[in-house]
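Below is one structure, written out as structure tokens; the observations come after it.
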Amino acid sequence: GVTHVPYGDTAALEAAVDEDTAMVMLEPMLGEGGVVPAPPGYLADAAAAARSAGALFALDEVQTGMGRTGAWFAHEESGVQPDLVTLAKGLGGGLPIGAMLAFGPAADLLQPGSHGSTFGGNPISCAAALAVIDTIAGDGLLSRAKQIGAFIAEGVAALADPLFTGVRGQGALVAITMSQPQAAALESALRAEGFLVNAVAPDAIRLAPPLVITDDKLSAFLDALGTITMGSDS
Ligand SMILES: Cc1ncc(COP(=O)(O)O)c(C=O)c1O
């Protein structure tokens with residue numbers, strides 16, 4: 001079975017892990033859960049809890065990996081060394097592909113043939129993923145991801161709209177937080193203007209723009225954000 005614990009609560013995680021635990025798995029920053037960065041030290045504490053129980057330590061970087069946060073992997077800054085890292089989404093640049101990286105002894109656990117799927121190893125998707133890696137490296141998209149996040153944060157601050165209370169996240173994975181629980185209405189209003197965002201909490205929308213987005217497109221989004229009237233008294 002799987003035991004879920006509140007994100008960022010080291011004590012709860014440590015209490016849930018014992019010698020019967022096979023693996024501890026978490027996101028280095030919550031994506032769908034509201035774009036919530038890990039509290040300082042949390043990843044290291046989680047890794048230590050897994051290690052002392054003899055469990056694998058896995059990081060789900062499906063949303064945060066492949067440069068989205070301004071590094072190839074969001075966990076890099078924390079200094080932890082996971083046994084496993086899962087990837088998908090940005091890895092294929094739009095084509096369907098998922099991957100699992102394994103390090104150290106964990107890299108010997110699966111051997112060729114021990115895990116297969118009908119379309120696994122699809123050469124077109126693999127070629128796309130290799131092109132994505134080259135493009136991220138060659139076009140400087142890691143630093144561009146950081147610029148995108150800063151551009152959005154500065155743009156939202158410049159709106160000086162009391163409805164928008166701040167921006168959290170890392171690189172080009174950000175949430176705009178709101179003083180009112182109107183994220184769903186804002187998501188709909190922005191979609192009508194041609195911008196896809198996700199209401200990941202009643203009072204927060206998530207933005208995960210492509211790393212190749214231009215400043216003009218970001219400015220158009222910020223303009224739309226500034227002109228949308230939510231009908232609130234904020
Ligand atoms: C963080 C995270 N992990 C895993 C998944 C599932 O990935 P897949 O669709 O490749 O199984 C998602 C999908 O949204 C996700 O956001």
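The values are calculated or read from the model by the stated rules, or taken from the named source; none is laboratory data. As the structure is a computational prediction, the values presented were derived from the model and not from experiment. Ideal geometry is used to build each Cβ from the backbone, glycine not excepted, and the neighbour counts take in all protein chains shown. Heavy atoms of the whole protein, side chains included, go into the accessibility calculation; ligands, DNA and RNA do not. Shrake-Rupley method; radii C 1.70, N 1.55, O 1.52, S 1.80 Å.
Listed values, structure above:
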| read-out | value |
| --- | --- |
| Qualifying residue in segment 116-138 (condition: modelled with pLDDT of 95 or more, hydrophobic (A, V, I, L, M, F, W, C) and either in a loop (DSSP other than H, G, I, E, B) or closer than 23 Å to residue 221 by Cα (or both)) | no |
| Residues located in segment 199-220, provided they are within 26 Å of residue 135 (Cα to Cα) and free of Cβ contacts under 8 Å to residues at least 40 places away in the same chain | 210, 214, 216, 217, 220 |
| From the options 93, 113, 1, residue that is open to solvent by less than 70 Å² (accessible area, probe 1.4 Å) and either more than 30 Å from residue 178 (Cα to Cα) or at pLDDT 95 or above (or both) | 93 |
| Yes/no for residue 29 being surrounded by 20 or more Cβ atoms within 10 Å (Cβ to Cβ), not acidic (Asp, Glu) and not assigned by TED's automatic domain parsing to the domain that holds residue 149 | yes |
| Index of the failed condition, residue 225 passing every other in (1) open to solvent by less than 70 Å² (accessible area, probe 1.4 Å); (2) within 30 Å of residue 76 (Cα to Cα); (3) out of contact with any helix residue (DSSP H, G or I) (no Cβ under 6 Å at 6 or more places or on another chain) | (2) |
| Conditions (1) more than 25 Å from residue 34 (Cα to Cα); (2) surrounded by 21 or more Cβ atoms within 10 Å (Cβ to Cβ); (3) more than 16 Å from the ligand (Cβ to nearest atom): number failed by residue 132 | (3) |
| Residue list for segment 59-68, filter: open to solvent by less than 10 Å² (accessible area, probe 1.4 Å) and either closer than 15 Å to residue 143 by Cβ or of a type outside the set (Val, Ile, Thr) (or both) | 59, 61, 65, 67 |
| Residue satisfying condition, being under 24 Å from residue 150 (Cβ atoms) and within 12 Å of the ligand (Cβ to nearest atom), within set 79, 67, 90, 98 | 90 |
| Subset of segment 193-221 that is among the charged types (D, E, K, R) and surrounded by 16 or more Cβ atoms within 10 Å (Cβ to Cβ) - its residue that is farthest from residue 32 (Cα to Cα) | 203 |
| Test: residue in segment 81-90 that is among the β-branched types (Val, Ile, Thr) and under 23 Å from residue 210 (Cβ atoms) | yes |
| Tally of residues being within 14 Å of the ligand (Cβ to nearest atom) and not aliphatic (A, V, I, L, M) across segment 38-64 | 4 |
